[in-house]
Amino acid sequence: MIRPVAFNYNVQTAVNNHYQNANDFNNNSNQINLRAQAEFDNFVLKLRSFGVEVIVFQDDDKFDTPDSVFPNNWISFHSNGDIALYPMFAENRRNERREDVVKYIEKNNYSIRNVIDYSSAEESNIFLEGTGSIVLDRLNRKAYCAVSERSNEDLLIEFCEDFEYIPVIFNAFQSVKQSRKLIYHTNVMMCVADNFVIICLDCIDDKKERNNVIKHLKEDGKEIIEISENQVNSFAGNMLQILDRNNDSLLIMSESAHKVLTSAQKHIINKYAKIVFSSLNTIETYGGGSARCMMAEVFLPKTIQKL
């Protein structure tokens with residue numbers, strides 16, 4: 001996780017992230033950043049209190065990086081020892097990629113085999129923003145992707161060939177001022193856990209695409225928890241299943257997401273995972289992302305310690 005140094009509303013990402021809200025950000029930038037830092041710190045404390053190992057990096061003010069709190073868009077870690085680096089749509093987000101993060105992870109007893117860097121695709125205006133664009137079912141080796149300006153289909157297929165995933169590609173939409181706009185990141189409307197999936201099927205307007213997604217989920221034995229577009233607007237799709245130190249499953253979400261879940265939805269989740277939530281209102285309002293976006297989970301194998 002990356003602790004922000006200058007979190008704020010990012011004008012460059014707002015052109016296609018319709019979940020961001022400007023809310024007079026120019027006159028309150030310092031207060032916005034302080035509130036975001038407090039939300040971040042409380043979130044980390046909450047995760048650690050539930051037995052989650054959290055590695056925190058401090059952002060610096062070398063570059064303008066208002067979205068640095070969302071590291072899952074530029075890096076992902078994989079159990080075969082590979083790391084992927086991704087091409088970013090917004091120019092100011094490209095400065096978030098940090099070599100020192102990779103070096104620190106490697107020095108702390110994680111084994112890195114390869115770093116596969118897709119970031120040169122930026123030169124051709126081709127983007128694929130990590131596990132924001134790609135929702136990975138790591139158990140069943142499937143990569144779900146809602147195509148958008150930030151989620152290129154051809155590059156997704158290249159990723160799937162490199163990392164041995166089956167691509168499941170579709171279009172997902174949200175209602176914006178009486179029109180249907182592509183959802184910028186798949187992980188806003190979909191969360192895949194080991195035994196269940198939280199998904200807004202109403203966002204997939206094409207019936208064949210929707211049925212194909214359902215088919216893949218059912219053949220892998222996932223219990224489908226449907227959420228509405230209104231719940232998506234409160235980031236009820238932006239969740240992540242992780243394990244605590246005892247290997248028990250937790251489902252991490254924001255307080256706003258937790259508030260809009262129905263008791264029936266929570267009941268199904270609780271069969272498989274303990275719900276953990278934290279207030280992220282400022283980060284959600286100005287950043288247009290939530291709990292899942294703030295965590296880049298580390299699946300790298302541990303190195304063997306020499307005696």
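Summary table below
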{"quantity": "Qualifying residues in the range 82-99 (those that are without any contact (Cβ under 8 Å) to a residue 60 or more places away in the chain and surrounded by fewer than 22 Cβ atoms within 10 Å (Cβ to Cβ)) - the one farthest from Leu128 (Cα to Cα)", "calculated": "Glu99"}
{"quantity": "Single match in Val69, Val56 (criterion: surrounded by fewer than 19 Cβ atoms within 10 Å (Cβ to Cβ), within 18 Å of Phe7 (Cβ to Cβ) and among the hydrophobic types (A, V, I, L, M, F, W, C))", "calculated": "Val56"}
{"quantity": "Checking Ile225 against (1) under 20 Å from Ser263 (Cβ atoms); (2) assigned to a helix (DSSP H, G or I); (3) of a type outside the set (Lys, Arg), the condition it does not meet", "calculated": "(2)"}
{"quantity": "Test result for Asn230, more than 21 Å from Glu39 (Cα to Cα), part of a helix (DSSP H, G or I) and in contact (Cβ under 8 Å) with a residue 12 or more places away in the chain", "calculated": "yes"}
{"quantity": "Residues satisfying the stated conditions in the range 234-283, i.e. in a loop (DSSP other than H, G, I, E, B), in contact with a Leu (Cβ under 8 Å, 6 or more places away or on another chain) and more than 14 Å from Ile199 (Cα to Cα)", "calculated": "Asp244, Ala273"}
{"quantity": "Count of residues meeting criterion [crowded, with 21+ Cβ neighbours inside 10 Å and of a type outside the set (A, V, I, L, M, F, W, C)] in the range 232-255", "calculated": "4"}
{"quantity": "Any hit, the range 58-72, residues being small (Gly, Ala, Ser), within 28 Å of Tyr286 (Cβ to Cβ) and either in contact with a Phe, Trp or Tyr (Cβ under 7 Å, 6 or more places away or on another chain) or free of Cβ contacts under 8 Å to residues at least 60 places away in the same chain (or both)", "calculated": "no"}
{"quantity": "Matching entry among Ser79, Ser133, Ser111 (being closer than 26 Å to Ala193 by Cα, in contact (Cβ under 8 Å) with a residue 40 or more places away in the chain and surrounded by 20 or more Cβ atoms within 10 Å (Cβ to Cβ))", "calculated": "Ser133"}
{"quantity": "Qualifying positions in the range 53-100 - over 24 Å from Arg141 (Cα atoms) and in a helix (DSSP H, G or I)", "calculated": "Glu91, Asn92, Arg93, Arg94, Asn95, Glu96, Glu99, Asp100"}
{"quantity": "The range 188-211 residues that are charged (D, E, K, R), paired with ones that are in a strand (DSSP E or B) and modelled with pLDDT of 95 or more (beta carbon under 6 Å, 6 or more apart)", "calculated": "Asp205/Phe173; Glu209/Phe170"}
{"quantity": "Candidate set: the range 17-46, residues that are within 27 Å of Arg150 (Cα to Cα) and surrounded by fewer than 17 Cβ atoms within 10 Å (Cβ to Cβ); chosen: the one modelled with the lowest pLDDT", "calculated": "Asn26"}
{"quantity": "Every residue from the range 60-106 that is farther than 13 Å from Ala296 by Cα, of a type in the set (A, V, I, L, M) and more than 16 Å from the chain's Cα centre (by Cα)", "calculated": "Ala90"}
{"quantity": "Flag for Asp205 being surrounded by fewer than 20 Cβ atoms within 10 Å (Cβ to Cβ), charged (D, E, K, R) and within 23 Å of Ile116 (Cβ to Cβ)", "calculated": "no"}
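The values are calculated or read from the model by the stated rules, or taken from the named source; none is laboratory data. Keep in mind that what you see is a predicted model, and the values were worked out from it rather than measured. For neighbour counting, all protein chains shown are included, and Cβ atoms are generated from backbone atoms with ideal geometry for every residue, glycine included.
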